[in-house]
Amino acid sequence: MHRVAIVGGGTGGTVLANRLASELRAEIEAGELEIRLISDTPDHVYKPMFLYVPFGKKTVDDAKRPLTELVDRRVNISIGEVVDVDTDRKNLSFADSSVLPYDQIVLATGANLESGSVPGLREGGNHFYGPEGAEQLRDELAEFTEGHLVLSVVGVPHMCPAAPVEFVLMVDDWLRQRGLREDIELTYTYPINRAHGLESIAEWASDLFEQRDITLEAFFNVEMVDTDEEVLETVEGKELPYDLLVAIPPHAGSDLVTDAGLGEDGWVDVDRHTLEATNAEDVYAIGDIADVPTSKAGSVAHYEAGVVADRIASRIRGAVPTATYDGKTVCFLEAGMDEATFIEFEYGEEPYVREPSKPLHWAKLGYNESYWLTARGLV
């Protein structure tokens, strides 16, 4: 029997498992193939939903569903923590000391928040990149009626690259609707010399910031957070006081990757088109953990999953894999509480930023609701 192991139950891992189960139904039913999805939690979490929690538009429970509701019944689900990948012996080791052999493996473990890597950030900063952080920020915002709110992107790369821009535009609109904007100063900081890594988005955001009286501090690299004085200190020698800090923490890959020799910095070194690991055979990586030159966005994991599903299916059937990933990325960007824009691009391209509109905002909300069909592989 051929064994395919998928480590990670997020967007990439779930979509991949369902695609393989559909494409290789005959092989599974004939007992020739096993697909096993391994996750350290029984729930699948749709992280982009957390952006709406601070504004009371969603709850953290809206962002999760049991994997058993989303994954094809032909896929075996294992809940456990993988602690080692032996790419020579083709074995996975778990925290409970059990071992699982594989023939092909796909790593889809995502990125990890590293708030503790910046002194004072864990204690002084709020964020919306996880359930606890989103709920804490919701409570902080509800009581914040005057002062200086700072959105600081502390580390890049990070998940959902457009989300910090979205948040500051949304909070501006939200405060205006509540009659509080005149009493609250807004500042957005970014580590490089513009508002976003993609130039077209940076230009679009900068124009909106100027129109809405949002201060932009570019080339702003946070070194520490002084929680007593409520001041951000940077490696460039700048200081920025705040009353409410929303900080996007640095992100890190996985020690699992480094220990397996798949990437020195915790991200899996892969061919950007085939998504095959460069340091081991029969290993793929998709989603945030894959070191490819594009955004760490959910749409990337989705499209990568399709490519890897096709390549694995070809190999199992004895054919030469030809499917490749071209860097396709699509993303809705909220421009406030009731308008959004939409971008799409591939490797080497700059996205065109459309004029924000209410229909595009409704389209984003509609996609958020239909996402669960996407995870199931139905759309």
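The values are calculated or read from the model by the stated rules, or taken from the named source; none is laboratory data. All figures in this text were calculated on a predicted structure; none of them were measured in a lab. Reconstructed Cβ throughout: ideal geometry from the backbone, glycine too, with neighbour counts over all protein chains shown. For the accessible areas, the whole protein counts, side chains as well, though only heavy atoms, and no ligand, DNA or RNA atoms are used. Shrake-Rupley method; radii C 1.70, N 1.55, O 1.52, S 1.80 Å.
Tell me whether region 62-73 contains one or more residues that are exposed (fewer than 15 other Cβ atoms within 10 Å of the Cβ) and either aliphatic (A, V, I, L, M) or more than 24 Å from the chain's Cα centre (by Cα) (or both).
Our first condition is that a residue be exposed (fewer than 15 other Cβ atoms within 10 Å of the Cβ); within region 62-73, this holds for 66, 68-69, 73.
Still in the list and also either aliphatic (A, V, I, L, M) or more than 24 Å from the chain's Cα centre (by Cα) (or both): 73.
Yes, region 62-73 has at least one match.
Table: residues versus (1) modelled with pLDDT of 95 or more; (2) closer than 20 Å to Val353 by Cα; (3) surrounded by 16 or more Cβ atoms within 10 Å (Cβ to Cβ).
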{"position": "Leu141", "(1), (2), (3)": "yes, no, yes"}
{"position": "Thr145", "(1), (2), (3)": "yes, no, no"}
{"position": "His158", "(1), (2), (3)": "no, no, yes"}
{"position": "Trp174", "(1), (2), (3)": "yes, no, yes"}
{"position": "Thr189", "(1), (2), (3)": "yes, no, yes"}
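Looking at region 91-115 only, could you name the residues that are open to solvent by less than 50 Å² (accessible area, probe 1.4 Å) and free of Cβ contacts under 8 Å to residues at least 12 places away in the same chain?
Asn91, Ser93 - these are the residues of region 91-115 that are open to solvent by less than 50 Å² (accessible area, probe 1.4 Å) and free of Cβ contacts under 8 Å to residues at least 12 places away in the same chain.
Could you list, in sequence order, the residues of region 352-370 that are modelled with pLDDT under 95 and either crowded, with 19+ Cβ neighbours inside 10 Å or in contact with a helix residue (DSSP H, G or I) (Cβ under 7 Å, 6 or more places away or on another chain) (or both)?
Asn368
Return yes when Ala195 is under 25 Å from Glu334 (Cα atoms), small (Gly, Ala, Ser) and in contact (Cβ under 8 Å) with a residue 24 or more places away in the chain and no when it is not. Show your work before the answer.
On the way: under 25 Å from Glu334 (Cα atoms): yes; small (Gly, Ala, Ser): yes; in contact (Cβ under 8 Å) with a residue 24 or more places away in the chain: yes.
Answer is yes for this residue.
Return the pairs, sorted by first residue and then second, in which the second residue is among the hydroxyl-bearing types (Ser, Thr, Tyr), the first residue lies in region 165-176 and is in a helix (DSSP H, G or I), the beta carbons are less than 8 Å apart, and the residues are 6+ apart or on different chains.
Pairs found: Val165/Tyr188; Val168/Tyr188.
Considering only region 166-179, I want to know if a residue exists there that is more than 19 Å from Glu339 (Cβ to Cβ) and among the aliphatic types (A, V, I, L, M). Before the answer, list the steps.
Step one: of region 166-179, the residues more than 19 Å from Glu339 (Cβ to Cβ) are 179.
Those left that are additionally among the aliphatic types (A, V, I, L, M): none.
No: region 166-179 contains no residue that is more than 19 Å from Glu339 (Cβ to Cβ) and among the aliphatic types (A, V, I, L, M).
Would you please list the contacts, defined by Cβ atoms under 8 Å and residues six or more apart or on different chains, that run from a residue in region 260-282 that is closer than 22 Å to Tyr347 by Cα to a residue that is open to solvent by 20 Å² or more (accessible area, probe 1.4 Å) and aromatic (Phe, Trp, Tyr)?
Note: pairs meeting the criteria are Arg272/Tyr347.
Conditions first: (1) open to solvent by 30 Å² or more (accessible area, probe 1.4 Å); (2) assigned to a loop (DSSP other than H, G, I, E, B); (3) more than 25 Å from Val308 (Cβ to Cβ). Tyr129 passes all but one, so which condition is the exception?
Unmet condition: (1).
Quick one: how many residues across region 204-216 are exposed (fewer than 15 other Cβ atoms within 10 Å of the Cβ) and not polar (S, T, N, Q)?
3
For region 165-215, give me each residue that is within 24 Å of the chain's Cα centre (by Cα) and of a type in the set (A, V, I, L, M).
Val165, Val168, Leu169, Met170, Val171, Ile192, Ala195, Leu198, Ile201, Ala202, Ala205
For Phe219, only one of the following conditions fails: (1) aromatic (Phe, Trp, Tyr); (2) surrounded by 22 or more Cβ atoms within 10 Å (Cβ to Cβ); (3) more than 18 Å from Met337 (Cα to Cα). What is its number?
The one condition Phe219 does not meet is (2).
How do the pairs read when you match residues in region 53-79 that are touching a residue at least 40 places away in the same chain (Cβ under 8 Å) with residues anywhere that are of a type in the set (D, E, K, R) and part of a loop (DSSP other than H, G, I, E, B), using Cβ under 7 Å and keeping only pairs 6 or more apart or on different chains?
Leu70/Arg376
Regarding region 203-214, can at least one residue be identified that is touching a Leu at 6+ places or on another chain (Cβ under 9 Å), assigned to a loop (DSSP other than H, G, I, E, B) and at pLDDT 95 or above? Don't jump to the end; show me each part of the working.
At the first step, the residues of region 203-214 found to be touching a Leu at 6+ places or on another chain (Cβ under 9 Å) are 204-206, 208-210, 212-214.
Of the ones still in play, those that are also assigned to a loop (DSSP other than H, G, I, E, B) are 212-213.
Checking which are at pLDDT 95 or above leaves us with 212-213.
Checked region 203-214: at least one residue is touching a Leu at 6+ places or on another chain (Cβ under 9 Å), assigned to a loop (DSSP other than H, G, I, E, B) and at pLDDT 95 or above.
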